[in-house]
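Report on one structure; see the data block that follows.
Please treat every number below as a calculation from the coordinates, not as lab data. Please read all numbers here as calculations on a predicted model, not as lab measurements. Ideal geometry is used to build each Cβ from the backbone, glycine not excepted, and the neighbour counts take in all protein chains shown.
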Amino acid sequence: MPTVVRGEVQPWTDRNPAGGPALTGFLADLLPARAGRTLIAGPHDSDVLALAASRSDDVTVLLRSVSDAQALAAAQPPDGGYAVVTGSLDGLADAKPEPFDVVIAADGLDRLLGPDSAALDWPERAALLRGLAGPAALVVIGVENGFSITGLLDRRPLKDRYGDDEFRPLHDDPRRPGSAAQVNDLLGGVERRYARFGSDTLVESGVLTRTQAGFPAMRLAAAALETSDTPLLAPVADAVESAARAGMLDAVAPGWLVVLGTGGTTRTAYTATGTADLTADGWKVGDRVLPDAEDAETVLLRLAAAEDVPGFRAYAATVEPTWFDVVPGRPDGDVTPAAAWFRFRDRLIGGHHRHPWPPWMADGDDLVKTWLAMSGVEPTDEILARGREIAATLPAGRPDLRTALADDEEARTTIKEQAGHIFGLERTMRFRDQQLRTREQQLRNLRDELRRLKSGRSAQVASTLSRVARLRDPKRLAGAVKKRAKAFLLR
Amino acid sequence: MHHHNHYYGQSHILARWAGLDDQHPPRIRGYLQHGWNVGCGWNPVHEFFDGAWRYTWSDPPRRRGHTLGRRNYHVVGAPFLYLSELEPDLGTVPEQEREGTLWFLFHGWEGGGKGGKIEGDHARLISEIKETETEPVTISLYYTEFERLEVRRAYEQAGFQVICFGKRGWNYEGTDRRFLYKQLKAFRGFKRVAANRLSTAIFFGVAAGCVPAVYGDPMELEGDNPLFGGQARIARLWPEMLGKEIDLAAARATTDVELGRHHLMPPAEMRMLFDWNPRD
């Protein structure tokens, strides 16, 4: 059974604990090879707990939910890995435990109190947590950013955004830090800071402030946010791009992970699939180095918006190396570019970006066929089918209100344009009818002329001469009689 | 779908480029620019159906069209350039054997009851042509002037050969499908192309290898709409194309822009753009 300190919550459970490969990978690099006492405050997943246990002599896990604590205590290995304590942060502080060498609160400071806790604001909670750490301790704290892109674009009212603070409006806290600078001021001694985009992407904050629109760091952030569960007013990708252009991407990240004290060397970025380091040569991902430059999608969207088809054509002919970053898995001949172009089409059209191609090309596969040909790939039916299948498996942007309104507006425009098209066709048919009437009149005139010619004296003379000539030639006469007899018998 | 698309057999040329029947070209779903102009690609009062696409020769008309609130543009390049690709040998002679000047008089139009005649001092223009040109001159008149005997005879009596390339047609009737073929063939035999206004023929001539010249009385067009700025604007925007001696390299560069050479597209792409592939 877990140890109980004041402030436990029951019945209660905290869902979605902090964790995942990005956080675990980051902590694996950060934590010392061997620490004495470690505190993990708040809900964290089993990988984080196992990692801490493997690097520490003694691990304490603080959970406010009694049932979560019981389940965790029951699930831990027989040889024990950590001590589970249930209760609130202030309750643990009251118990005056020995100082910890490592404190991990990657889940943040919002799920550490219960309804029986004092009304502690964010700085007070931070101070309590740091009070549990020894003077040279390594402390990791997750901080939510109220000025984040997803917060600004969240279409829910403020009161409906949080489920865990019903007993007290924790986010209505004037002392809660609202920027990275305020976090630094409040905590002091922040050694490094990582921006968190969703649960699976961490990017070093300094790199984010220096990145630009369309660069890999921005694309990492955008990709993570596009899979966010937050119901949105508008697509996050556009906002991410604007933020990157302004050098504000770190400032509008959904949250940060701040590190106080010294730890191991960490990478530039952590994702669900691995890590990456930004070097002087570019982004080192495994044994590959990718340029720290605008990606193909950004360039192509810009060329399409400028309606610069020659520029688009020239760029499409050189874009091959970037297929690898657009489509997961190993390159598969011409199928990979097909999949990449299908994905680009979906983003271009679905995102209501400006471009010079008519709707009948966008509706079917014609755009993809056009672009594939620009890339030097013959767009066969097989390549198109397989490319389409792969593209359908790639993550798509989540629905948002602005896109829904734009879809609606586009549908109205389509109706108006179709009506115009019908009007134009009717008018063309009228021209064509006129053309037919003119031709018909010409035919009638010619027929009348022919009739007049036939009934004229010279035509009659010519006819008589022809008959006489036939009579004077027995062979032709016999032939003519035979032909008429045959026609009569077959009648 | 508009009958202007058939002017000068332009639809026919594009259909041939796309590998389709060029005797009876399929309908183009939109409007095809039929002559070079200083505006959006069409005359200032041209009507457009909602949703129809606008196919311009080059990018500048597309940009100007945007300022008029028009959208749905796609730049395709001038059909004359496609014809040049389709007919690489038509009318070609060794470069040193090209001679004479093909001189285009600014022309009127059919008018449709709204005017369309040109008015100016032909005698003075003839004098200037004689003073300027050092080799034989052939005057090209559009049929609207060719059929005005007083105009045609003025040039014939001046000793020039006078020719007419045919009619562009109207409401799908009377289109000379070989109009541009005949022009291309002629251009490739001449050393110079000249006109009294910067016009389509000058750009076609330069594209076909002629040295250009633009001089003389630009004359007045009955009912001319100065909305786009007229001759003064032309002088401001294309000074390198005006005069009796023009820098050929500069003229070629401008011609490539105005005829949209970089916008030429492969046949398969054109079939998709014009919705020319069968859908059933």
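The residue among B:Ala201, B:Tyr181, B:Val137 whose Cα reaches farthest toward the positive pole of the charge dipole of the stretch B:119-229, with charges on the beta-carbon of Lys, Arg, Asp and Glu, is B:Tyr181. Qualifying trypsin sites (Lys or Arg not before Pro) in the stretch A:129-161, where qualification requires a DSSP coil assignment and no more than 15 other C-beta atoms within 10 Å, comprise A:Arg155, A:Arg161. Placing +1 on each Lys and Arg Cβ and -1 on each Asp and Glu Cβ, with no other charges, gives chain B a dipole about its Cα centre of roughly 660 debye.
Each Lys and Arg adds +1 at its Cβ and each Asp and Glu adds -1 at its Cβ; summed about the Cα centre, the stretch A:296-393 shows a dipole of about 280 debye. For the stretch A:296-393, relative contact order (Cα pairs under 8 Å, six or more residues apart, normalised by length) works out to 37 percent. Straight-distance candidates among the lysines for linking to B:Lys117, with alpha-carbon spacing under 17 Å and chain neighbours fewer than 8 residues away dropped: B:Lys167.
The ranking of B:Tyr172, A:Tyr194, B:Tyr8 by Cβ neighbour count inside 10 Å, starting from the fewest, reads B:Tyr172, B:Tyr8, A:Tyr194. With the helix formula -39500 (n - 2.57) applied to DSSP H stretches of n ≥ 4, chain A reaches a computed 222 nm mean residue ellipticity of -15000 deg cm²/dmol.
The value of relative contact order for the stretch B:95-247, using C-alpha pairs under 8 Å at least six residues apart, is 28 percent. Would you mind telling me which residue in B:Gln33, B:Gln96, B:Gln157 has the biggest mean-square fluctuation in a Gaussian network model of chain B, where springs connect alpha carbons within a distance under 10 angstrom? Evaluated over chain B, the most mobile residue of the options is B:Gln96.
With point charges of +1 on the Cβ of Lys and Arg and -1 on the Cβ of Asp and Glu, referenced to the Cα centre of the protein assembly as shown, which listed residue (A:Ser67, B:Phe160, A:Gly42) lies farthest in the positive direction of the dipole? In the protein assembly as shown, that residue is B:Phe160. Dipole magnitude for the stretch B:152-218: about 220 debye, using +1 per Lys or Arg Cβ and -1 per Asp or Glu Cβ, origin at the Cα centre. For chain A, build the charge dipole from Cβ charges (+1 Lys, Arg; -1 Asp, Glu) around the Cα centre, then report which of A:Ala317, A:Gly247, A:Gly397 sits farthest towards its positive end. It is A:Ala317, whose Cα lies furthest towards the positive end. Taken as Cα centroids, the stretch A:9-81 and the stretch A:406-453 sit 77 Å apart, rounded to the nearest whole angstrom.
The HN-Hα couplings worked out from phi for the stretch B:243-256 by the Karplus form 6.51 cos²θ - 1.76 cosθ + 1.60 (θ = phi - 60°) are x, 8, 10, 10, 5, 5, 4, 5, 5, 5, 5, 5, 4, 4 Hz, whole numbers, x standing for Gly and Pro. Arranged from fewest to most other beta-carbon atoms within 10 Å of their beta carbon, A:Val5, A:Val61 become A:Val5, A:Val61.
Here the label points at A:Lys482 and A:Asn184, each 7 Å from Cα along the C-beta direction, are separated by 11.3 nm in the simple model. Contact order, relative form, for chain B: 24 percent (alpha carbon pairs under 8 Å, 6 or more residues apart, mean separation divided by residue count).
In this simple spin-label model, placing a label point 7 Å from the Cα along the Cα-to-Cβ direction at both A:Lys416 and A:Arg245 gives a separation of 2.6 nm. Cα centroids of the stretch A:179-231 and the stretch B:1-75: 49 Å apart.
In order along the stretch B:21-38, phi translates into HN-Hα couplings of 5, 9, 7, 10, x, x, 5, 8, 7, x, 10, 9, 4, 10, x, 5, 8, 8 Hz, rounded to whole numbers, per the Karplus curve 6.51 cos²θ - 1.76 cosθ + 1.60 with θ = phi - 60° and x for Gly and Pro.
Between B:His66 and B:Leu90, residue separation times 0.36 nm minus the direct Cα-Cα distance comes to 4.9 nm. Where only DSSP H runs of four or more residues are counted, chain B gives -9000 deg cm²/dmol as its mean residue ellipticity at 222 nm, each run worth -39500 (n - 2.57). Between the C-alpha center of the stretch A:277-316 and that of the stretch B:122-196 there is a gap of 52 Å. Remark on B:Tyr31: its backbone amide H falls under 5 Å from those of B:Trp53, B:Arg54, B:Tyr55, a criterion applied only to residues 5 or more positions apart or on other chains, H modelled at 1.01 Å from N. Peptide A:420-431 has a mean shielding of 5, counted as Cβ atoms of other protein chains within 10 Å of each residue's Cβ.
Just checking the output field for B:264-274: average partner chain Cβ neighbours within 10 Å of each residue's Cβ?
Counting other chains' Cβ atoms within 10 Å and averaging over B:264-274 gives 4.
Each of the peptides B:235-248, A:460-473 was scored by the mean count of other Cβ atoms within 10 Å over its residues; in descending order, highest first, they stand as B:235-248, A:460-473. Residue exposure proxy: A:Trp341, B:Trp17, B:Trp276, ordered by other Cβ atoms within 10 angstrom of their Cβ from fewest to most, comes out as B:Trp276, B:Trp17, A:Trp341. Residues whose amide H lies under 5 Å from that of A:Gly255, counting only those 5 or more places away or on a different chain, are A:Asn145, A:Arg196; hydrogens are built 1.01 Å from N in the peptide plane.
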